[in-house]
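J.: Sharing a structure with you now.
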Amino acid sequence: MALLLLSVCAWSADYLTYNDFEIRRVFQTTGQGNNYDAILRIRLMKDTENPVLLNQITVELTDEAFKNVGQLHVYMTENPEFYAVENPQIVSWVVPKKKEVKMRIKDNVYIGKNTYLWLTCRVKNNAVIGETIDAGIKQVVLQQNKVRMVVGLPKQDGYLQGQGLKIFKQQQFLFVPTTFNCRFYRIPAMVLDRKGNIIVAADCRYDSNGDLGEHKIDVAVRRSEDNGRTWTKQQIVAKGDGVSSDAFGYGDAALVRTNTGRIVCIMAAGKNNFFKGMRNIGITVSDDDGKTWTEPRELTANSFTDAVHCLTDSLGFWSIFATSGKGLCLPDGRILFAANCISMDGTYNIDCYILSSEDNGESWTLGPQCAYKGCDESKLELMNDGSLLLSVRQDGDRGFNKGGYDAGSWQQQWRTSDMSGNACNADMLYYSREIDGEKDIILHTLCNSPERKNLTLYKSTDKGRTWQEMMNIQRGGAAYSTMIKLPNGDVAVFYEDDSYSAGNGYHLNYIVIAKEQIVF
C-alpha cells in the first residue's frame, strides 16, 4: 500500500508539525580541517507514543558554507552534549553538490522525545579563515503510523543570518561538560613551556558551577606537543581533600613559565569563598614541562612576607586570591601575579596588589603598594620602557594603571571607554614590540557587552593609550579568556564558550588566530 503524503493543511492533531520540533544552533566557531563540527541540533518535542521513523532531512547551505564544507553528516544521540559522546551514531552523510542538500537517512532510524539529531560538517583544509559556515533545515520527512509526513521548518533560530560557525585556523574544545565524571568546567589558564609546547589548565567543578568554598574543586591540565592539533587526556594536578581548611579544594589557576623553564601554578585554595574570607593560596610547580607536578602546598606557610602590613609568614588581608589565567615573568627572573585583596570583613571593596617571587617560586612577597583601588581580576604586561601595565576588570569601561619595574610606584589609575563591557576576567598580551624592530602591538580580549557574550579582540599600537576593536571572536555567550603568542606568530585564545549550553555550563574552547589576521 502506498504511503499517504500529508500537507501542512491536512495534518491532524495526531501527526507532527513544525511546532513539534526544536531547531537550535550549537556552537559558533570551527577550524580548518575539523571533522564533525555541529551546526544545528534537531529535537522532537512532542511526546508521542507511536514510533516516528526518520526518512530524510533537507538542508539549505549558505554560499560560504557551500564553499567551505567538504561533507555534511547527521548524527543521533541521547545525550544533549554532542562532544561528550565518544562514538555518536551516524545516520546520514553526503558530499554537497549544491546548496540545497537532501540527506536520506538509513533504514529503521526512529526518533523520540529524548533523541537529538545533529547536523554536522567536515570543514575543508583550505576553508577561508574568517568566513562563516551556516545552514538551515528546510524540511524533515517522517513516517508515522504508515503515513509519510513532509514537515516544513520555516522558522529557525537565526536561520541563515551569518552567525553560524566562524572559521579559524584551529579550533577545539579541550574541556567538555559531562566528561571525566565532571559536569562543569570553568576558568581557563594557558602557558608555553620552554620548548614551545602548550599547557592549559581548568577547574573541574564536578556537580556545581559555583566558586571555591561552595564545594570541592580540582585543577586539571592538558598538554599539546604539536601546536594544538592533539592533546593529552586531562590530568588532575591539584586535588582537594574536601576536609582541611587550606586544602579543601583548589581553583582559579594561573600559570607562568620562569626563566629556568619551571611552570608555576598559583591557585585559590581552602574552603572559604573569596567574599567569605578566602586566605589560602595553593602552589604546585612542574620542572619537566608540565608532565609531572609537585603536591600542592600552602604558599604562605614558608618564607612569605606581607609587605603591605609588614608581617612575615602571615596575611594581613581578610581575603585574597591571585587572578586566574596567567602571570608574568620579568627578564631578571622575578615572577608576578596580580592579586585581589579585601581588607576587612563586610566591605567587599577589592584592591589589587602584586604577589611576587624572586627565587623561582620558593618564597613570596605581597605588596607593598596598591596597584589599583576598587577593581577586580587584573592582568600584567611588561612595557618597552621597563614599566608595568595593569589591566583590571571593571563593569563598563576597562581600568588601567602603570607602575615601576619593581612592581611599585604605581601612578594614577584610569579607565578607558575604548573597551567597555561586562565585568569579566579578560587578558592582555604584548604581541610584538618596536624595540625588536617590529610593529608595536598589544592585544586585549573583552566581552564587549553588558552581558557575558560577544567576546572581542582589541589592539593597541600606541602602548595601551588607545584601543581599537580588531575582530569579534564569538557573538554568543562567552566569559573568562586567556591568550598566548605561539612560536610561529599565531595567537591562541582559550576561553569559556557558552554559545551552546544544555544546562551544563561552559565548554572551554581553544582557537588559533592566524598571524596574518593580526599583522596587516
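The values are calculated or read from the model by the stated rules, or taken from the named source; none is laboratory data. Remember, it's a predicted structure, so these values are computed and weren't measured experimentally. Because the Cβ atoms are built from the backbone with ideal geometry, glycine has one as well, and the counts that use them run over all protein chains shown. Note: accessible area is taken over every heavy atom of the protein model, side chains too, but ligands, DNA and RNA are not part of it. Shrake-Rupley method; radii C 1.70, N 1.55, O 1.52, S 1.80 Å.
J.: What's the whole-number percent of alpha carbon pairs in region 351-404 lying beyond 13 angstrom? Write out the running numbers ahead of the final one.
T.: On the way: 875 of 1431 pairs.
Summing the P(r) tail past 13 Å for region 351-404 gives 61 percent.
J.: Once you have the Kirkwood Rh of region 326-373 from its Cα pairs, apply Stokes-Einstein at 25 °C and 0.890 mPa s and quote D in µm²/s. Could the numbers behind the result be given before it?
T.: Details: Rh = 11.6 Å.
D, rounded to a whole number, is 211 µm²/s.
J.: Two decimals is fine: what is log10 I(q)/I(0) at q = 0.08, 0.09, 0.11 Å⁻¹ for the chain, from a Debye sum with one equal scatterer on every Cα and no solvent?
T.: Calculated log10 I(q)/I(0) at the listed q: -0.55, -0.67, -0.93.
J.: Report the FRET efficiency, 1/(1 + (r/R0)^6), for MET471 and VAL95, where r is their Cβ-Cβ distance and R0 is 41 Å, rounded to 0.05. Don't jump to the answer; show the numbers that get you there.
T.: On the way: r = 31 Å, r/R0 = 0.75.
Step by step, r from the Cβ atoms, then E = 0.85.
J.: For region 57-100, go through all pairs of different Cα atoms, get the mean of 1/r, take its inverse, and jot down that Kirkwood value in Å. Before the final figure, lay out each step's value.
T.: Working: mean 1/r = 0.0844 Å⁻¹.
Radius from the Kirkwood sum: 11.8 Å.
J.: For region 64-221, evaluate the Debye formula with one uniform point scatterer on each Cα (no solvent term) and list log10 I(q)/I(0) at q = 0.08, 0.10 Å⁻¹, rounded to two decimals.
T.: -0.35, -0.54
J.: Limiting things to C-alpha atoms, what are the Rg and the maximum Cα-Cα separation (Dmax) for region 368-520, in angstroms?
T.: 15.4, 49
J.: Enter the accessible area per residue of region 390-451 (Å², integer; probe 1.4 Å; all protein chains in place).
T.: Details: 2440 Å² over 62 residues.
That works out to 39 Å² for each residue.
J.: Still on this structure, I have one more. Treating each Cα of region 420-469 as an identical point scatterer and ignoring solvent, apply the Debye formula and state log10 I(q)/I(0) at q = 0.20 Å⁻¹.
T.: Reported log10 I(q)/I(0), two decimals: -0.65.
J.: Oh, and also: Give the calculated FRET efficiency between ASP107 and TRP231 to the nearest 0.05, with a Förster radius of 41 Å applied to their Cβ-Cβ distance. Provide the component values of the computation, followed by the final result.
T.: Details: r = 37 Å, r/R0 = 0.91.
According to the calculation, E is roughly 0.65.
J.: Right, something else. Roughly how many Å² is the accessible area per residue of region 243-315, as a whole number, for a 1.4 Å probe? Each step should come with its number before you reach the end.
T.: Numbers: 2860 Å² over 73 residues.
With all protein chains present, region 243-315 gives 39 Å² per residue.
J.: Next up: Calculate how many DSSP beta bridges within the chain are antiparallel, expressed in % of all such bridges and rounded to the nearest 5. Don't jump to the answer; show the numbers that get you there.
T.: Values: 149 of 160 bridges.
Bridges in the chain that DSSP calls antiparallel: roughly 95 percent.
J.: What part of the accessible area of region 399-447, given as a whole %, is carbon or sulfur when the probe is 1.4 angstrom? List each step's numbers first, then the result.
T.: Values: 780 of 1890 Å².
The nonpolar share, carbon plus sulfur, comes to 41 percent.
J.: Could you work out, for region 245-289, what percent of all Cα-Cα pairs fall into each 5 Å distance bin, beginning at 0 Å and stopping at the bin that holds the largest distance?
T.: Percent of pairs per bin, in order: 6, 23, 25, 17, 13, 10, 5, 1.
J.: Counting only protein heavy atoms and a 1.4 Å probe, tell me what percentage of region 141-299's accessible area is made up of carbon and sulfur. Write down the numbers at each step before the final one.
T.: Details: 2800 of 6140 Å².
The nonpolar share, carbon plus sulfur, comes to 46 percent.
J.: Mind checking the per residue accessible area of region 12-99 for me, 1.4 Å probe, whole number of Å²?
T.: With all protein chains present, region 12-99 gives 44 Å² per residue.
J.: To continue, here is another question. For region 16-110, what does the relative contact order come out to in percent, with C-alpha contacts under 8 Å and a separation of six or more? Display every interim value, and only then the final one.
T.: Numbers: 118 pairs, mean separation 27.9, N = 95.
Here the relative contact order equals 29 percent.
J.: Would you work out if region 10-138 is rounded, prolate or oblate? Take a ≥ b ≥ c from the square roots of the eigenvalues of the alpha-carbon gyration tensor; rounded if a/c is under 1.5, else prolate when a/b is larger than b/c, oblate otherwise. List each step's numbers first, then the result.
T.: Numbers: a/c = 2.06, a/b = 1.70, b/c = 1.21.
It comes out prolate by the Cα gyration axes.
J.: If I model a spin label as a point 7 Å beyond the Cα along the Cα-Cβ vector, how far apart are those points for SER420 and SER363 in nm?
T.: Result for the modelled spin labels: 4.7 nm.
J.: Given Cα pairs under 8 Å that are at least 6 residues apart, what percent is the relative contact order of the chain? Don't jump to the answer; show the numbers that get you there.
T.: Working: 1490 pairs, mean separation 56.7, N = 520.
So the answer I get is 11 percent.
J.: So what's the net charge close to LEU315: Lys and Arg +1, Asp and Glu -1, counting the other residues with Cβ under 13 Å from its Cβ? If you can, show how the numbers build up before the last one.
T.: Working: positive: ARG279; negative: ASP246, GLU298, ASP306, ASP313.
With Lys, Arg at +1 and Asp, Glu at -1, the neighbours total -3.
J.: Would you mind computing, in nm to one decimal, how far apart the modelled labels at ASN349 and SER314 are, each placed 7 Å from Cα along Cα→Cβ?
T.: 2.2
J.: A follow-up question, please. Need the full-extension length gain, ASN145 to THR115, defined as separation in residues times 0.36 nm minus the C-alpha distance. One decimal, nm.
T.: Numbers: separation 30, 0.36 × 30 = 10.80 nm, distance 1.89 nm.
Extra length available between ASN145 and THR115 comes to 8.9 nm.
J.: If you don't mind, another one. Give me the net charge for the shell around LEU44: Cβ to Cβ below 11 angstrom, other residues only, Lys and Arg +1, Asp and Glu -1. Numbers along the way, then the final one.
T.: Details: positive: ARG43, LYS46, LYS113; negative: ASP20, GLU22, ASP47.
Its environment carries a net charge of 0.
J.: What number results when the radius of gyration of region 233-370, computed over Cα atoms, is divided by 2.2 N^0.38 Å?
T.: Values: Rg = 14.2 Å, N = 138, 2.2 N^0.38 = 14.3 Å.
In units of the globular-protein estimate, region 233-370 measures up at 0.99.
J.: Something else: How large is the Rg to Rh ratio of region 167-296 when both quantities use alpha carbon positions and Rh follows Kirkwood?
T.: Answer for region 167-296: 0.98.
J.: Output wanted: per-residue J couplings in Hz (rounded whole) for region 116-131, from phi through Karplus 6.51 cos²θ - 1.76 cosθ + 1.60, θ = phi - 60°, x for Gly and Pro.
T.: 10, 9, 10, 7, 10, 9, 9, 8, 5, 4, 9, 4, 7, 4, x, 7
J.: Okay, moving on. Would you pull out the residues with amide H under 5 Å of LYS271's amide H, same chain only if 5 or more places away, H placed 1.01 Å from N?
T.: Close amide H contacts, sequence-distant or interchain: PHE248.
J.: Using helices alone, what [θ] at 222 nm do you get for the chain, with -39,500 (n - 2.57) per DSSP H run of 4 or more residues, divided over all residues and rounded to the nearest 500? Mind showing how you got there, number by number?
T.: Details: 2 runs with 10 residues, N = 520.
Result for the chain, helices only: -500 deg cm²/dmol.
J.: Once you list every other residue whose beta carbon is under 14 Å from the beta carbon of ASP490, what net charge do they have if Lys and Arg are +1 and Asp and Glu are -1? Can you show the working numbers first?
T.: Numbers: positive: LYS169, ARG229, LYS485, LYS515; negative: ASP226, GLU516.
Residues close to ASP490 contribute a combined charge of +2.
J.: Taking all protein chains in place and a 1.4 Å probe, what share, in percent, of the accessible surface of region 59-117 do carbon and sulfur account for? All intermediate terms of the calculation are to be shown ahead of the outcome.
T.: Details: 1410 of 3190 Å².
It is 44 percent, rounded to a whole number.
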